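Following: one structure in structure tokens, then a few remarks.
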Amino acid sequence: MGITRRNDLIKALAILVVGTTTVLAQDAKRLTLREAQETALRKHPRITVAELRAATAREQVNEVRAGFFPNLTANITAVGTADDNTRLAASGGLNNPVIFDRNAEGLIFSQLITDFGRTANLTASSRLRALAEEENVQATRAQVALQVSGAYFGALQAQALEQVGKQTLATRELLLKQVSVLASNQIKSDLDVSFAQVSVEEARLLLLRAQNDLKSANSVLATLLDERGEWEFALVEEPMPGDLPGDAMPLLNEALRNRPELSRLRFERDAALKFAKAEKGLHYPTVNLLGSIGVIPVHDSHLNDSYGAAGFSLSFPLFSGGLYQARQKEADLKAKTVEGSLHDEENNVLRDVRVAWLNSSNALQRLQSTTKLLQYASKAFDLAKARYQIGSSSMVELSQAQLNETTAEIANSNAKYDYQLLRSILDYQTGKLPSAASH
């Protein structure tokens, strides 16, 4: 009779089903990775700063290029004297010391004829620096997009671990109810109830940690989106990335070709070389066309009603105390410095691509292993639960099976989002991330 009653109780408890429903906060914002990246690229202050620097560099091109255009200055002069014989007692120069009553208006014209390439090289250098700043904008966009990817997958990971915590807690609470009923009917011992209670509290701690991690991850993501309030996000799962290349070699040339940081340094190198040529032009003469024309409505009888003059100005640099030589040498050394920085950065990029590929490959293997581990752990837990319900195993064995399943679920979730994040890092290292996140 006791055996029949025990079996009936076990069957009744075995068919209990507890549904867990995830209730999102009313202010939870549905968000995809692409939407998050587009928002950050539109609002992030670091990108705004980079774009302003690029705009500043473009204006500097206009400043230097202005040297090709003529300068036209308007002058108005009005002089009144005490008498017709006014002179300067000390002129301070070799000018005519006589001052006449007069009023004159005129224009002064100046046009550069040639400075033997100095202005042209300065213009080319500033234009290349502007292009370097444009590449810096793209590099900043890629960095922000990568940060968003990291925060997004971190939040997804925390979201998944919260679900694991809720499911684990619900499962262990159900088991505690089952064991408590069995113990009240003297089928199981109070020790089993104690073990079940410990498991429930462990699951509750796991859930509390996961909930806190999720709030922290949402806070990081909200900051990247330039949201200063408290936000909860309903994040959408991203599809798993495509196949990983069999080796890193195809990715290396792609990175050297696409990384905006390298393009920026190449433009800076070319700009430094152009500037060095411009500094060399300081040794060459400068030829300018000068002209002046105007009228003198009020004037002394010794002066005409109008004036005009034109001519060429040829300027030769003869001696500067070594200034021009030092400036040229400084420019040459800076160009070599940028060339060295470019070479070093290329080596760093190649290293980072290899490391990113290795990490992605390892993460894929861990994902495959943890998927199998979860399958085996779930099967083992089901078997242990069935054995415990028919009295063929102890509570210790069941608790260990529960722990193994929870550990496997956590490991599988971590491996999944680690792999997705590492693939994002690999895309960043090969220069793919900005185009995927462009708006």
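No value in this document is a laboratory result; all are computed from the given coordinates. Since the model is a prediction, treat every value here as computed from it, not as a measurement. With ideal geometry, Cβ positions are generated from the backbone for all residues, glycine too; neighbour counts draw on all protein chains shown.
Some observations on this one:
- Lysines with Cα under 20 Å of K177, excluding same-chain neighbours fewer than 8 positions away: K11, K166, K188, K385
- Label-point gap, in nm, between L333 and E63 - each point 7 angstrom along Cα→Cβ: 2.4
- Loop-located trypsin sites (Lys or Arg not before Pro) across segment 129-230 with a Cβ neighbour count of 11 or fewer within 10 Å are R228, with loop assigned by DSSP.
- Within the straight-line cut-off of under 21 Å between alpha carbons, the lysines reachable from K334 are K274, K277, K280, sequence neighbours fewer than 8 places apart in one chain being disregarded.
- Here r is the Cβ-Cβ distance between L208 and Q400 and R0 is 35 Å; the resulting FRET efficiency, rounded to 0.05, is 0.95.
- At R0 = 22 Å, FRET efficiency that the Cβ-Cβ distance of D344 and A55 yields, to 0.05: 0.15
- Phi to ³J(HN,Hα) by Karplus 6.51 cos²θ - 1.76 cosθ + 1.60 over segment 378-386, Hz, x for Gly, Pro: 5, 5, 5, 5, 4, 5, 5, 5, 5
- Sorted largest first, extent of segment 360-439 alpha carbons per principal axis (Å): 61, 24, 14
- Residue order, fewest to most surrounding Cβ atoms within 10 angstrom, among S126, S361: S361, S126
- Under 19 Å from the T48 label point (7 Å along Cα→beta-carbon), backbone N, segment 215-243: 221-230
- Fully extending the segment from A234 to L303, taken as 0.36 nm per residue of separation minus the present Cα-Cα distance, adds 16.2 nm.
- Per-peptide average of other Cβ atoms within 10 Å, ordering 346-352, 119-125 highest first: 119-125, 346-352
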